[in-house]
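S.K.: Please find one structure pasted underneath; my questions will follow.
The values are calculated or read from the model by the stated rules, or taken from the named source; none is laboratory data. Given the structure is predicted, the values throughout are model-derived calculations rather than measurements. Cβ: placed from backbone, ideal geometry, glycine included. Neighbour counts: every protein chain shown. What goes into the accessible areas is simple: the full protein's heavy atoms, side chains included, and nothing from ligands, DNA or RNA. Shrake-Rupley method; radii C 1.70, N 1.55, O 1.52, S 1.80 Å.
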Amino acid sequence: MADTTEKTLVLVGHGMVGQRFLEALADRGVTARTRVVVLCEEPRPAYDRVHLTSYFSEGVSPRELSVVEDGFMARHGIELHVGDPAVRVDRDRRTVTARSGLTVGYDTLVLATGSYPFVPPVPGKDAAGCFVYRTIEDLLAIEAYAAGVGSGAVVGGGLLGLEAAGALKGLGLDTHVVEFAPRLMPVQVDTGGGDALRRRVEALGVRVHTGVGTQQITVDGGTGRVTGMALSDGSHLPVGMVVFSAGVRPRDELARGCGLLVGERGGIVVDEQCRTADPSVFAIGECALAADGRVYGLVAPGYEMAETAARTVAGEAGAFTGADLSTKLKLLGVDVASFGDAHGTAEGCLDVCYSDARSGIYRKLVVGADGTLLGGVLVGDVESYGLLRPLTGSVPPVAPEHLVLPAGAGAPVALGPSALPDEAVVCSCNNVTKGAIRAAVGGAGAGGAGGGAGEHSCTSVAEVKKCTKAGTSCGSCVKVLGQLVDAELEAAGVEVDKGLCPHFAQTRAELYEIVLALRIPSYRQLLDGHGREGARGGEGCEVCKPAVASILASLAPVVGASVHVLEGEQAALQDTNDHFLANMQKNGSYSVVPRIPGGEITPEKLIVIGEVARDFGLYTKITGGQRIDLFGARVEQLPLIWARLVDAGFESGHAYGKALRTVKSCVGQTWCRYGVQDSVRMAIDLELRYRGLRSPHKLKSAVSGCARECAEAQSKDFGVIATANGWNLYVGGNGGATPRHADLLAKDLSDAELVRLVDRFLMFYIRTADRLERTSVWLERIPGGLEHVRDVVVHDSLGICEELEALMAAHVAGYRDEWAGTLDDPERLSRFVSFVNAPGTPDPTVRFVPERGQIKPEPILLSLTERVTV
Amino acid sequence: MTTMTDLLSPAAAPSVPGTVELHVGGRWLAVCAAEALLPGRGVAALLPDGRQAALFRDRAGRTYAIGNVDPFTGAGVLSHGLVGAVGDRPYVASPLLKQRFDLVDGRCLDDEAVAVATYPVRVR
């Protein structure tokens, strides 16, 4: 070997994935300091296999199909040996031997050998006139043979099969497709999509035979040439040639030959770095069995693996953990796309379908019971694919039926606030369209129906709300409204103010840092010292007051703010619910939720809740968080109710606060025959540890005692699932309007490790999240996402974990029950009256009527006497 | 059974002198001690004619009184809302659906067609 100081990397296989790997190496400068040798079986460098058919359909030459930029190999000093496949690997001596006898020593070996076409073992499969469809050489052979026959059949109606059919059609043959499954492209599309596809394909003159198998290739005894196919339905299909396109298999023979582990059904076993059990050998692309247990036959995941392996070789972090199999392609001129859960396998999911047999257009969306877009199939018109696929896993902003209707039907594809059409109703309560909102902001081209553009020139959500009434009723569209207003302003060149409100130019996270760094104990001090010019010394507003109150509460023990949220100045900052330590309901009455840690409660305590509810006439309902909500309390009843509850050992459940709500649990190992850990104990420990913790938004948690996940931990801000070895911690889950499955943060943790990680995670979230930003949104928003959070809280990449833990320790040590602390304080108690001048008089507007044996708010007839004509 | 009076018995001494009075029905009505009004936070008062008023005090010590019933929901809750300001104009945001009402003239800042009553108020 030439140079002993220089390392050698050998790449076996030069297909699309191999070439991408070389480019990724070059990008990272690896080729400059490493000898790179490539062994390629085919007689030409890597070419675009995906567009092989264009050789026939568009007259593209093999040379034009190349994916290697001219001069690439020379520029990077890469030694490429074409037509000389590797035949043997000696891992002990670290050498690769090629067919020519060339033997190269390696420090790193990368296998990118791709796959080979699977040919079913039918009699006659090797006759003259039988082909596979994989390489340019296959294609040239098919072309040569086709010149002497009038018809051909493709075995396999999948993705590649239809490509091959396109090729035969392009050669002028009478073309048949024989597919064993009941429809074309059975992996990607459903029955309806298969039907639409079939009509389209047949319209092109290709004959489709589905639900039949190939039993034998019939051969002329004299010439040895193909004469046709015997099919499983007893029929005989006379054709002059047969192309097998019944799937591919990984080419893992080199790996087998040198003792590397391969999967049961083939594929070289690799880890998330695409590394085999031998640390100096990698496998990428179709020959690899990825860490998620799958062999990927698509080029996009192959590219991802190439990037991952190159990163690893270059000493950078990278992982390939799996890819989705969404596909969009043009087959025989027919557009086909499938994405996500295209077959609707999720429990309780529903289809929203548009099918036009006449024009061969088929669109199906799979939607979860809660409206989440789970996947879909598009045939004939795939225009919306680029918008639909990114939305998978979220609830689209418009009804799914609007997403499948053709543009001409008056409801064009409309996704994401910026993709919404002007006529889309953003605020359904007040029937305000996007066009009207754009017109209010004054953006250009706000649409004919929306009135003249630029007539209002609003520059904030508040102004748009006032101008259009959008977002003034249920408020659920306010977030979309904000995004629309920002987008309009940005488009108009107006600098968008990221500040919290008109009184602070900082974001919530920035204010948190200021309060923590400067130990600011009060809102006034923060506003007067760090508010916007002109806001200092003023009142502030209903946005910044509770946000700052939350920061002060989170940091109270550290910055010297009062620990009780109703102490001193803090009392005036709290949202109404926090101010009365209860949840205001629609008629001005309040509801009461005592904490029931982990959902575990004694019969005695249950009886106390029942007695309190009975004595005060409260409506009683079990919550989703395994506790009990008592509705219909008047303000002046709250202390009396809580005196009873505190006396029985209950504490505040913080249902009113942006704080830890509940930690649900399943019954766990103690009772359940499947349980592997004591989930109830852990849930109680976690709930007691984090009770009272104020955060940017509410926090929910759950602990499941085994992988059956009965506590639904993966839909929580932090969820814990027991394993045989400890606990898995999931973060960033959410239910509600935009459900999100939680991400696994760390595995097999001990009790202490789990608590330490949750401490860090929660404090990092509290420190960096925006106002009213749930962990699910935060995790999606922060740069680097989950990986960054993992780096920070698991690997301490910012060196702040000690501080995060100390902050949490201070919170835990400083916790006091808010209701006990209120009952002890006459001044705080004095606020719990309906009327300051008539403490004993209940508010006469709070009235109830009976329903199903309990109470409900009396429907309020809006009193016109309270409205003053302006 | 515990009563409100029991709970309230050891009342704290007033820290802000004076009484808040409301002009209603042609006369000044004493409503509460000034110290019951926390800056930025309201209280509700029951008026002799059965109507309700919400009273507020801002940081500068100025007092305001408007109708307590939220015209959008019919609930007597405006006194429970948070006080803010647009420039120098103080307002209260309804705790139910967050519409804002100017504390000086009672107009709803989010719906020009709606307003609540205002009452003259003083501290003596």
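S.K.: So which residues in the stretch A:599-652 are of a type in the set (S, T, N, Q) and farther than 25 Å from A:Glu858 by Cβ? Walk me through how you get there before you give the answer.
M.R.: So in the stretch A:599-652, the residues of a type in the set (S, T, N, Q) come out as A:602, A:620, A:623, A:626, A:637, A:652.
Within the stretch A:599-652, A:Thr602, A:Gln626, A:Ser652 meet the criteria.
S.K.: Among the candidates A:Leu184, A:Leu173, single out the residue that is at pLDDT below 95 and farther than 30 Å from A:Val404 by Cα. So that I can check it myself, show each step before the final result.
M.R.: Numbers: A:Leu184 fails: farther than 30 Å from A:Val404 by Cα.
Exactly one residue qualifies, and that residue is A:Leu173.
S.K.: Also, I was wondering about something else. How about the stretch B:95-124: which of its residues are more than 7 Å from every other protein chain (Cβ to nearest Cβ), under 30 Å from A:Glu533 (Cβ atoms) and among the aliphatic types (A, V, I, L, M)?
M.R.: Residues satisfying the conditions are B:Leu103, B:Val104.
S.K.: Could you please give the count of residues in the stretch A:277-294 that are in contact with an Asp or Glu (Cβ under 9 Å, 6 or more places away or on another chain) and either assigned to a helix (DSSP H, G or I) or over 17 Å from A:Gly15 (Cα atoms) (or both)?
M.R.: Summing the residues that are in contact with an Asp or Glu (Cβ under 9 Å, 6 or more places away or on another chain) and either assigned to a helix (DSSP H, G or I) or over 17 Å from A:Gly15 (Cα atoms) (or both) in the stretch A:277-294 gives 7.
S.K.: Quick check on the stretch A:294-301. Is at least one of its residues free of Cβ contacts under 8 Å to residues at least 24 places away in the same chain and outside the structural domain of A:Gly13 (by TED's automatic domain parsing)?
M.R.: No, that holds for no residue.
S.K.: Among A:Val676, A:Val680, which is the only one that is touching a Cys at 6+ places or on another chain (Cβ under 9 Å) and surrounded by 22 or more Cβ atoms within 10 Å (Cβ to Cβ)?
M.R.: A:Val680
S.K.: Quick check on the stretch B:60-75. Is at least one of its residues in a loop (DSSP other than H, G, I, E, B) and of a type in the set (Val, Ile, Thr)? It would help to see each step written out before you state the result.
M.R.: First, pick out the residues of the stretch B:60-75 that are in a loop (DSSP other than H, G, I, E, B): B:60-62, B:68, B:70-75.
Filter again for of a type in the set (Val, Ile, Thr), leaving B:73.
Checked the stretch B:60-75: at least one residue is in a loop (DSSP other than H, G, I, E, B) and of a type in the set (Val, Ile, Thr).
S.K.: Say we look at the stretch A:505-535 and pick out the residues that are crowded, with 19+ Cβ neighbours inside 10 Å and more than 25 Å from A:Leu807 (Cα to Cα); which of these is modelled with the lowest pLDDT?
M.R.: Among those residues, the one meeting the criterion is A:Ala535.
S.K.: Any residue that is of a type in the set (S, T, N, Q) and more than 20 Å from A:Ala167 (Cβ to Cβ) - is there at least one of those in the stretch A:245-267? Step through it out loud before you land on a result.
M.R.: Step one: list which residues in the stretch A:245-267 are of a type in the set (S, T, N, Q), which gives A:245.
If we keep only those that are more than 20 Å from A:Ala167 (Cβ to Cβ) too, we end up with none.
No, the stretch A:245-267 contains no residue that is of a type in the set (S, T, N, Q) and more than 20 Å from A:Ala167 (Cβ to Cβ).
S.K.: For the stretch B:42-56, which positions are within 8 Å of the chain's Cα centre (by Cα) and either within 8 Å of chain A (Cβ to nearest Cβ) or not in a loop (DSSP other than H, G, I, E, B) (or both)? Spell out how you get there, then give the answer.
M.R.: Filtering the stretch B:42-56 for residues within 8 Å of the chain's Cα centre (by Cα) gives B:42-45, B:53-56.
Across the stretch B:42-56, the qualifying residues are B:Val43, B:Ala44, B:Ala45, B:Ala53, B:Ala54, B:Leu55, B:Phe56.
S.K.: Could you identify the single residue in A:Leu804, A:Leu772 that is aliphatic (A, V, I, L, M) and either more than 14 Å from every other protein chain (Cβ to nearest Cβ) or open to solvent by less than 40 Å² (accessible area, probe 1.4 Å) (or both)? Give the steps one after another, and end with the answer.
M.R.: Details: A:Leu772 fails: either more than 14 Å from every other protein chain (Cβ to nearest Cβ) or open to solvent by less than 40 Å² (accessible area, probe 1.4 Å) (or both).
So the residue among A:Leu804, A:Leu772 that is aliphatic (A, V, I, L, M) and either more than 14 Å from every other protein chain (Cβ to nearest Cβ) or open to solvent by less than 40 Å² (accessible area, probe 1.4 Å) (or both) is A:Leu804.
S.K.: Continuing with the same structure: Please specify each residue of the stretch B:71-94 satisfying the condition of being at the interface with another protein chain (Cβ under 7 Å from one of its Cβ atoms) and open to solvent by 20 Å² or more (accessible area, probe 1.4 Å). If you could, list the steps in order and put the result at the bottom.
M.R.: Step one: filter the stretch B:71-94 for residues at the interface with another protein chain (Cβ under 7 Å from one of its Cβ atoms), giving B:71, B:73-77, B:80-85, B:90, B:93.
B:Thr73, the sole residue that qualifies.
S.K.: Test B:Thr118 against the stated conditions and say whether it is over 20 Å from A:Gln574 (Cα atoms), among the polar types (S, T, N, Q) and open to solvent by 40 Å² or more (accessible area, probe 1.4 Å). Please lay out each step first, then the result.
M.R.: On the way: over 20 Å from A:Gln574 (Cα atoms): yes; among the polar types (S, T, N, Q): yes; open to solvent by 40 Å² or more (accessible area, probe 1.4 Å): yes.
Against the criterion (over 20 Å from A:Gln574 (Cα atoms), among the polar types (S, T, N, Q) and open to solvent by 40 Å² or more (accessible area, probe 1.4 Å)), B:Thr118 qualifies.
S.K.: Go over the candidates A:Thr103, A:Thr108, A:Thr95 one by one and state the one that is among the hydroxyl-bearing types (Ser, Thr, Tyr), under 27 Å from A:Phe21 (Cα atoms), exposed (fewer than 15 other Cβ atoms within 10 Å of the Cβ) and modelled with pLDDT of 90 or more.
M.R.: Values: A:Thr108 fails: exposed (fewer than 15 other Cβ atoms within 10 Å of the Cβ); A:Thr95 fails: exposed (fewer than 15 other Cβ atoms within 10 Å of the Cβ).
Only one candidate passes the filter, namely A:Thr103.
S.K.: I'm trying to understand the selection: among the residues of the stretch A:246-268, which are open to solvent by less than 30 Å² (accessible area, probe 1.4 Å) and either at negative phi or assigned to a strand (DSSP E or B) (or both)?
M.R.: Once the filter is applied, which keeps residues that are open to solvent by less than 30 Å² (accessible area, probe 1.4 Å) and either at negative phi or assigned to a strand (DSSP E or B) (or both), the stretch A:246-268 yields A:Pro250, A:Asp252, A:Leu254, A:Ala255, A:Cys258, A:Leu260, A:Gly263, A:Ile268.
S.K.: Select the strands (runs of 3 or more DSSP E) contained entirely in the stretch A:30-104, then report the ones holding at least 3 residues which are within 40 Å of the chain's Cα centre (by Cα).
M.R.: Strands (runs of 3 or more DSSP E) meeting the threshold: A:34-39.
S.K.: List the number of the failed condition for A:Thr227; all other conditions in (1) more than 20 Å from A:Gly129 (Cα to Cα); (2) part of a strand (DSSP E or B) hold.
M.R.: All conditions are met except number (1).
S.K.: Look at the stretch A:115-125 and say how many of its residues are under 14 Å from A:Ser245 (Cα atoms) and assigned to a loop (DSSP other than H, G, I, E, B).
M.R.: Within the stretch A:115-125, the first condition is being under 14 Å from A:Ser245 (Cα atoms), and the residues that meet it are A:115-122, A:125.
Still in the list and also assigned to a loop (DSSP other than H, G, I, E, B): A:118-122, A:125.
The number of residues fulfilling the criteria is 6.
S.K.: Scan the stretch A:537-573 residue by residue and report those that are outside any loop (DSSP other than H, G, I, E, B), away from chain B (no Cβ under 14 Å), of a type outside the set (Ser, Thr, Tyr) and within 27 Å of A:Gly649 (Cβ to Cβ).
M.R.: Filtering the stretch A:537-573 for residues outside any loop (DSSP other than H, G, I, E, B) gives A:544-559, A:570-573.
After this cut, where a residue has to be away from chain B (no Cβ under 14 Å) as well, the list is A:551-559.
Keeping just the survivors that are of a type outside the set (Ser, Thr, Tyr) gives A:551-553, A:555-559.
Correct list: A:Ala553, A:Ala556, A:Pro557.
Let's see how each residue does on (1) touching a residue at least 24 places away in the same chain (Cβ under 8 Å); (2) under 26 Å from A:Gly29 (Cβ atoms); (3) open to solvent by less than 30 Å² (accessible area, probe 1.4 Å):
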residue	(1), (2), (3)
A:Glu64	no, no, no
A:Val68	yes, yes, yes
A:Phe72	yes, yes, yes
A:Leu80	yes, yes, no
A:Ala128	yes, no, no
A:Phe131	yes, no, no
A:Ala141	no, no, no
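S.K.: Tell me which of these A:Gly166 doesn't satisfy, since it passes every other one: (1) outside any strand (DSSP E or B); (2) open to solvent by 20 Å² or more (accessible area, probe 1.4 Å).
M.R.: (2)
S.K.: Pairs please, first residue from the stretch A:823-836 and more than 7 Å from every other protein chain (Cβ to nearest Cβ), second anywhere and surrounded by fewer than 20 Cβ atoms within 10 Å (Cβ to Cβ) and modelled with pLDDT under 90, Cβ atoms under 6 Å, 6+ apart in sequence or on different chains.
M.R.: Pairs that qualify, where the first residue is more than 7 Å from every other protein chain (Cβ to nearest Cβ) and the partner is surrounded by fewer than 20 Cβ atoms within 10 Å (Cβ to Cβ) and modelled with pLDDT under 90, are A:Val833/A:Pro839.
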